Amino acid sequence: METEDGLLINAHSSVPPGPSQHPKGWKARCKPRRGGEKKVRLRGNGQTMKRKLEQPQEVVPLKQKPVSPSPQTKQLPKKPKSGFKGSGQPTPPSKKPLTDANGGSRPFVKTSSLFKNNPEIPDIQRTSVKQVQEKIFTSDSFDQLRLHPHLVSTITSVLKISNMTSVQKQTIPVLLEGRDALVRSQTGSGKTLAYGVPLVQSLQRAEPKIQRSDGPYALVLVPTRELALQSFETIQKLLKPFTWIVPGVLMGGEKKKSEKSRIRKGINILIATPGRLVDHINATKCLHFRRVRWLILDEADRILDLGFEKAVTAILNAVNAGGEKRQNVLLSATLTEGVSRLADISLQNPVSISVAGESQGSDGAHLRVTAREGDVGPPTSVEGEGFAVPEELQQNVVVVPSKLRLVTLAAFVLGKFKFEKRNKMVVFFSSCEQVDFHHALFRKVLDGDPEPGGPKQSQPLSSPLALLRLHGDMKQEERTSVFQDFLRSKEGVLFCTDVAARGLDLPRVTWIVQYNPPASLAEYVHRIGRTARIGSRGNSLLVLTPSEAEYVTFLASHKINVLEMKMESVLSSLMKDDRFVGSHWRNKNAHSADPQEAHRRATVLQTEFENYVHSSPEMVQWAKKALQSFIRSYATYPASLKHIFHVRSLHLGHVAKSFGLRDAPRNLRDSTIPDRRKKQKRHDLLKKPHGKGRLAKMLQSEYSSGLDPAPSKVRRKKKVAKDRIQGTPS
Ligand SMILES: Nc1ncnc2c1ncn2[C@@H]1O[C@H](COP(=O)(O)OP(=O)(O)OP(=O)(O)O)[C@@H](O)[C@H]1O
């Protein structure tokens, strides 16, 4: 069937409009975001002092050392080859040769020593803790549940699922009884079907039979657009035999007009992001909730984190006005105390369901399932006790001095994709700007497209690195297409923000890299939960600097175990890549076991990065913006983590290097200015662009409805300037 939007879809589905209907001018503002603290402020503080005293090695003078002679002095690179591989890449700014004082072009300076003046890498005190673990599968099948036979056959033949998971076994009967529920079970344990199956079972037998024109019988609220699409697809599959029930999705970034028209035609199961639904409640007259019998909040804690509380209250009021008796369900892998407030206002005499067990060695996990009645507190296993993480997930940490972060990430990515097969990796960054910048940088430097004058033996990767990016500052059509591409791909890397941390079921992901550590334990658990889903194996790598090493103790105190991976072993993968043999050593011991060789190659790689970044003033500007966004997001760690992540413990010169910048940007760098002035300078960098109270908005922007008021003239101007730098169409 063709929709009113001209798209071919399942005969009874209501789907979002396609790319061509994308509203012009939509662009969520994208700023650093954190789930926790929403204020950016600098603290002149004793805490920092204490930290410095405790870790004197971390205090490295800001003053730049004279640059030592380099193994590679490169010629000025020419204009980059046209177009990066793949879609969705903002075109990097065109390169103009840098000029010297006399206006002539000058060769680039090579990289200063990467391996000198770094803080010592502390020993990771590995306290082995017993992680909270859950048994995923049960031996019970869906046909034991007295479901409609067509629903059972759809689960087995379309979804190819036979046995229930623990959370499904516990939740489905409760919901079929008509009870409200608060459900917590680990990432990738099948929560979508835990609510989807009873929802479809109850609606297909509704009398009188549901009509499309009846409007919504169920509302499913989720925090992100990608999760909305994914949940829609699962519900759509379950509805295959019940063609008279129409699912539909409303989310930011789509054309409001076509959504209105789909609402008018009728959507019986409405999946939406809260902001967008509120927009329709306010503006779409034909939207009513007279028949709503189900309200489901998936990733309930995240919905609160994002400041959607007001939106959820507005939705609850609108739905309550409908008057129909209703079942309510809240779900997440990390239901925290904060959810009780939401539970208080949305649940009636709920059953709390928590799947938690302790692994008892090879003879199988002991399962502890709790179902408490009428208690609106979070189910057992809250943040203080530690969240359950998948048993098959191997968690690692690597401690890397700031200067070496970029080359270490590059070496890790290269190692997994050039020398191993079938890897699929998600790398988390703390801001959209960093995602864009690193994506462009890696495509250019790692993807076998070396600059003229680069190492002569450069060879492209045997196959191009499928490197994608996903964040909230991208147009919706691009977001959707990247999400689908990565979903289907067998290998590749996705650089993203936390927009991809929640709920996304990305099959075959083998590695999660947290290049910027998350701001909360819950986010850590959700990020790593994109791998090792539903009993499969997976790995994660957390990248910390020496001053952040204490984060490992923080994780251990919440029953999370990480294994240390040595930076040197990550860098050693460069030994297998002849593209980074320096010209001075090329014919000597390029493959020797000499540990210095890996350092030399890391230096060559860093030089490649720096040359690319310094190939034009626009590129330098782009790197600075990425650095600035990193520092801004660094300042938003919650107070409880400030002793580990404090902006004052950053060595700006070293951090700049990890953005391919040879020096810290001038307004950050002047080591001669007195402390008070220095503080002022850093404060400038952290200054919020639009005044007080904007951070909560920034945090939410990635998830916004896309229907924000038209940008002001000033904002439009800024956007155009930004687009020019990023090469995206304005
Ligand atoms: N009973 C089952 N047997 C096998 N696979 C299942 C079963 N139930 C669900 N799955 C599959 O497990 C995967 C994860 O399910 P789902 O996305 O619902 O997990 P989740 O608990 O919601 O995860 P998260 O907390 O990350 O959102 C999906 O691919 C789903 O199809």
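The values are calculated or read from the model by the stated rules, or taken from the named source; none is laboratory data. Everything numeric here is computed off the predicted structure, so don't read it as measured data. Using ideal geometry, Cβ is built from the backbone for each residue, glycine included, and neighbour counts are taken over all protein chains shown. Surface accessibility is based on the protein's heavy atoms, side chains included, excluding ligands, DNA and RNA. Shrake-Rupley method; radii C 1.70, N 1.55, O 1.52, S 1.80 Å.
Tabulated data
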item: Positions within segment 133-156 being open to solvent by 70 Å² or more (accessible area, probe 1.4 Å) and either part of a loop (DSSP other than H, G, I, E, B) or within 14 Å of the ligand (Cβ to nearest atom) (or both), in sequence order; result: Lys135, Phe137, Ser139, Asp143, Gln144, Arg146
item: Matching residues in segment 187-198 - criterion: being within 7 Å of the ligand (Cβ to nearest atom) and either farther than 23 Å from Val339 by Cα or touching a Gly at 6+ places or on another chain (Cβ under 7 Å) (or both); result: Thr187, Gly188
item: Members of segment 276-316 found to be open to solvent by less than 40 Å² (accessible area, probe 1.4 Å), assigned to a loop (DSSP other than H, G, I, E, B) and either closer than 17 Å to Leu330 by Cβ or among the aliphatic types (A, V, I, L, M) (or both), listed by number; result: Leu287, Val292, Glu299, Leu306, Phe308
item: Residues located in segment 160-173, provided they are hydrophobic (A, V, I, L, M, F, W, C) and more than 6 Å from the ligand (Cβ to nearest atom); result: Val167, Ile172
item: Flag if Leu270 is assigned to a helix (DSSP H, G or I) and either open to solvent by less than 30 Å² (accessible area, probe 1.4 Å) or in the same structural domain as Leu151 (by TED's automatic domain parsing) (or both); result: no
item: Selected residue (only one of Ile315, Ile303, Ile353 is in contact with a strand residue (DSSP E or B) (Cβ under 8 Å, 6 or more places away or on another chain), outside the structural domain of Asp505 (by TED's automatic domain parsing) and more than 16 Å from the ligand (Cβ to nearest atom)); result: Ile315
item: Test set (1) more than 27 Å from the chain's Cα centre (by Cα); (2) farther than 19 Å from Asn117 by Cβ - Arg662 fails condition number; result: (2)
item: First in segment 179-197 and under 15 Å from Glu233 (Cα atoms), second anywhere and open to solvent by 10 Å² or more (accessible area, probe 1.4 Å) and near the ligand (Cβ under 9 Å from one of its atoms), Cβ under 7 Å, 6 or more apart; result: Gly190/Ile534; Thr192/Thr234; Gly196/Thr234
item: Subset of segment 219-237 [within 11 Å of the ligand (Cβ to nearest atom), assigned to a helix (DSSP H, G or I) and either open to solvent by less than 10 Å² (accessible area, probe 1.4 Å) or touching a residue at least 12 places away in the same chain (Cβ under 8 Å) (or both)]; result: Leu227, Gln230, Ser231, Thr234, Lys237
item: Subset tally (residues that are surrounded by fewer than 22 Cβ atoms within 10 Å (Cβ to Cβ) and within 21 Å of Pro223 (Cα to Cα)) for segment 487-507; result: 4
item: Lone qualifier among Val389, Val399 - being in contact with a Leu (Cβ under 6 Å, 6 or more places away or on another chain), at pLDDT 55 or above and surrounded by 21 or more Cβ atoms within 10 Å (Cβ to Cβ); result: Val399
item: Segment 651-676 residues that are over 18 Å from Phe437 (Cα atoms), paired with ones that are basic (Lys, Arg) and at pLDDT below 75 (beta carbon under 6 Å, 6 or more apart); result: Asn667/Lys681; Ser671/Lys63
item: Cross-chain or 6+ apart pairs with Cβ under 9 Å, segment 303-325 first and more than 23 Å from Asp498 (Cβ to Cβ) and free of Cβ contacts under 8 Å to residues at least 60 places away in the same chain, then part of a helix (DSSP H, G or I) and not hydrophobic (A, V, I, L, M, F, W, C); result: Ala314/Pro274; Ala314/Asn282; Leu316/Ser346
item: Gln201 vs. criteria surrounded by fewer than 21 Cβ atoms within 10 Å (Cβ to Cβ), more than 9 Å from the ligand (Cβ to nearest atom), outside any loop (DSSP other than H, G, I, E, B) and modelled with pLDDT under 95; result: no
item: Residue within segment 606-615 that is within 30 Å of Tyr524 (Cβ to Cβ) and small (Gly, Ala, Ser) present; result: no
item: Single match in Gly178, Gly252, Gly248 (criterion: on the phi > 0 side of the Ramachandran plot, of a type outside the set (S, T, N, Q) and not in a helix (DSSP H, G or I)); result: Gly178
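Each row is one residue, and each column tells you yes or no for (1) within 10 Å of the chain's Cα centre (by Cα); (2) near the ligand (Cβ under 9 Å from one of its atoms); (3) among the small types (Gly, Ala, Ser).
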{"residue": "Thr497", "(1), (2), (3)": "yes, no, no"}
{"residue": "Arg508", "(1), (2), (3)": "no, no, no"}
{"residue": "Asn516", "(1), (2), (3)": "no, no, no"}
{"residue": "Ala522", "(1), (2), (3)": "no, no, yes"}
{"residue": "Thr531", "(1), (2), (3)": "no, no, no"}
{"residue": "Ser536", "(1), (2), (3)": "no, no, yes"}
{"residue": "Asn539", "(1), (2), (3)": "no, no, no"}
{"residue": "Leu542", "(1), (2), (3)": "no, no, no"}
{"residue": "Glu548", "(1), (2), (3)": "no, no, no"}
